[in-house]
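J.: My questions all concern the structure below.
Only the coordinates and a few stated rules stand behind these numbers; no lab work does. Remember, it's a predicted structure, so these values are computed and weren't measured experimentally. When we count neighbours, we look across all protein chains shown, and the Cβ atoms used for this are built from the backbone with ideal geometry, even at glycine.
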């Protein structure tokens, strides 16, 4: 659970920076695009193993939890970057011109005119990506990070009742997903007053 | 109106988009408090000329000085220029996720660093000026096109610019909404604001212009008081005006 939470926040920040990088042109954009494509075209489990064994072979002894957070962050940041890039690209050039003509600095322009409206537009896509991440975190049991799926595995290996253990697990994931969507919905209401006031998507 | 206190000065300005020559030696001087109106066919270079004044387009040759800023200067302080120049676009370009009041206070607070309270006070004043005092908390999509455009004018005015540029601001509006926007612009002109206006509204142009500029093929073909429209000297303006007349009676 906190695995997914930490990875969501870190992945969102990293992914957004990456989306800005993608639009910057030049070497930075190429670097970001290689990263995004590399992650989006390999399985999560392979990425987790790569981080796990890669760090180990570098002599870094990190807990399975830290490795899992790292791997999930790297994974979700790439997807976030793509979603945010789409959001940024959907801002009409006239908006940027208007911001520039009001004398906004580059940072102010990015924050007020690009990032906030872009986030408002792609928020549903972001939210569902983060729920997906939470579900995908089950894979981390493979490197023996202590999360729900790993616990269910312990249970079924001691009780020899795998079906019951996993049906309970599935139920728990559904509850978590619904909870998480509710949290994102409330967060959306808090972050985007226009949605709240007008009740429209856009 | 004399030339001794120019706010905007274009001298022999050239600009091309690829092989297309858009501005072919344009010169224009706008004095403080003067209203210059640029007319001409689509593609005559009038919008480009206007956009060059706020350095939204970079010119190839010639010289532009706006409120003391030399635009061709390598050390030009672009943000300082844009605090002196207000521009209103055809497509309003209000920020959709902000209320009208937030649209207006954004730049004063983050660029000029005035306090939020003071910015709100200014917002109220400029909204009154454009007749939208009761729309401060509305979002742009809740407003009509004419109201959005007036809000955009208010947003520019809140930065207390020394010159206001208007780029075909009524082209997307029906006649009724056009009239309410033009009224705001006339009030603004009467208050002594220096303005450069690109428009297709001929009777408005004649009414409001201290200096009327007719552009054709990237050049200024005729310039003078608003009444030059009644007695065109060049065949191009004569032809342009006859098209306008046909359009009006059709």
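J.: Just checking the output field for B:155-166: average partner chain Cβ neighbours within 10 Å of each residue's Cβ?
T.: Numbers: counts 2, 3, 0, 1, 3, 0, 3, 0, 0, 0, 1, 0.
So the per-residue partner count for this stretch is 1.
J.: Among B:29, A:8, B:178, B:234, rank each residue by its count of other Cβ atoms within 10 Å, from fewest to most, as a rough exposure measure.
T.: By the 10 Å Cβ count, ascending, the order reads B:234, B:29, B:178, A:8.
J.: Where the centre of each part is set by its Cα atoms, how far does segment A:36-66 sit from segment B:161-189, in angstrom?
T.: 59 Å
J.: Is it possible to state the helix-based mean residue ellipticity at 222 nm for the protein assembly as shown, with each DSSP H run of 4+ residues giving -39500 (n - 2.57), the sum divided by total residues, to the nearest 500 deg cm²/dmol? What is it?
T.: It lands at -18000 deg cm²/dmol.
J.: Compute the acute angle (0 to 90°) between the alpha-carbon long axis of helix A:64-89 and the principal axis of greatest extent of the alpha-carbon atoms of chain A; round to the nearest 10°.
T.: Rounded to the nearest ten degrees, it is 30.
J.: Within segment A:22-50, what residues put their amide N at less than 20 Å from the label point 7 Å along the Cα-to-Cβ vector of residue A:106?
T.: What the label zone holds, given the 20 Å backbone N cut-off, is A:22-33.
J.: Could you work out how far helix A:148-159 tilts from the main Cα principal axis of chain A, as a 0 to 90 degree angle to the nearest 10?
T.: 10 degrees
J.: How high is the relative contact order of segment B:16-139, in percent, counting Cα pairs under 8 Å that sit 6 or more residues apart? Working shown, then result.
T.: On the way: 73 pairs, mean separation 18.7, N = 124.
15 percent.
J.: Still on this structure, I have one more. Is the shape of segment B:6-249 rounded, prolate or oblate, going by the alpha carbon gyration tensor and its root eigenvalues a ≥ b ≥ c, with a/c under 1.5 for rounded and a/b larger than b/c for prolate?
T.: Because a/c hits 1.5 or more and a/b fails to exceed b/c, segment B:6-249 counts as oblate.
J.: Could you check the simple spin-label distance between residue A:17 and residue A:90, using points 7 Å along Cα→Cβ, in nm with one decimal?
T.: 2.5 nm
J.: So if we plug the beta-carbon distance of residue A:186 and residue B:247 into 1/(1 + (r/R0)^6) with R0 = 56 Å, what FRET efficiency do we get, rounded to 0.05?
T.: Approximately 0.55, to the nearest 0.05.
J.: Another question, then. Starting from 0.36 nm per residue, how many nanometres of slack lie between residue A:144 and residue A:60 once their C-alpha separation is accounted for?
T.: That works out to 28.5 nm of additional length.
J.: When you look at the Cβ of every residue in A:104-113, what mean number of other chain Cβ atoms sits within 10 Å?
T.: Mean shielding count: 3.
J.: When you count, for each residue, the other Cβ atoms within 10 Å and take the mean per peptide, how do A:94-105, B:121-132 rank with the highest first? Walk me through the numbers on the way to the answer.
T.: Working: A:94-105: 20.7, B:121-132: 18.1.
Packing order, densest peptide first, comes out as A:94-105, B:121-132.
J.: Go ahead and collect, in residue order, the members of segment B:102-127 whose backbone nitrogen is under 16 Å from a label point 7 Å along the Cα-Cβ direction of residue B:142.
T.: B:102-104
J.: Which ordering of B:82, A:195 is given by a fewest-first count of other beta-carbon atoms within 10 Å?
T.: Values: B:82 24, A:195 16.
Going from least to most buried by this count: A:195, B:82.
J.: Which distance in nm do the two modelled labels at residue B:174 and residue A:128 give, with both placed 7 Å along the Cα-to-Cβ direction?
T.: Here the answer is 3.8 nm between the modelled labels.
J.: If you don't mind, there's one more thing I want to ask. Let me know the shape class of the protein assembly as shown, please: from the alpha-carbon gyration tensor, a ≥ b ≥ c as square roots of the eigenvalues, rounded when a/c is under 1.5, otherwise prolate if a/b is greater than b/c, or oblate. Don't skip to the answer; put the middle values down first.
T.: Details: a/c = 3.08, a/b = 2.42, b/c = 1.28.
Prolate shape, in that a/c is at least 1.5 and a/b is the bigger ratio.
J.: Ok, one more. Looking at the square roots a ≥ b ≥ c of the eigenvalues of the Cα gyration tensor of chain A, which shape do they give, rounded for a/c under 1.5, prolate if a/b is larger than b/c, or oblate? Before the final figure, lay out the partial values.
T.: On the way: a/c = 3.17, a/b = 1.59, b/c = 1.99.
Since a/c reaches 1.5 but b/c is at least a/b, the shape of chain A is classed as oblate.
J.: Defining a contact as two alpha carbons under 8 Å apart and six or more residues distant in sequence, what relative contact order in percent does segment B:6-249 show? Walk me through the numbers before you get to the answer.
T.: On the way: 448 pairs, mean separation 65.9, N = 244.
Taking the mean separation of contacting Cα pairs over the length of segment B:6-249, I get 27 percent.
J.: For the pair residue B:58 and residue A:50, how long in nm is the line joining their label points, each one 7 Å along Cα→Cβ?
T.: Calculated label separation equals 3.9 nm.
J.: Here's something else I'd like to know. Compute the distance from the alpha-carbon center of segment A:96-132 to that of segment B:47-115, in whole Å.
T.: The two parts, judged by their Cα centres, are 20 Å apart.
J.: If you don't mind, another one. Let me know the mean shielding of B:92-100 by other chains, meaning the per-residue number of their Cβ atoms within 10 Å of its Cβ.
T.: Neighbouring Cβ atoms belonging to other protein chains average 6 per residue here.
J.: Further, regarding this structure: Below 8 Å between Cα atoms, with a sequence gap of 6+, how large is the relative contact order for segment A:2-198 in percent?
T.: Values: 182 pairs, mean separation 45.7, N = 197.
Relative contact order for segment A:2-198 comes out at 23 percent.
J.: In degrees, nearest 10, range 0 to 90: what is the angle between the Cα axis of helix A:162-191 and the longest Cα principal axis of chain A?
T.: Tilt of helix A:162-191: around 20 degrees.
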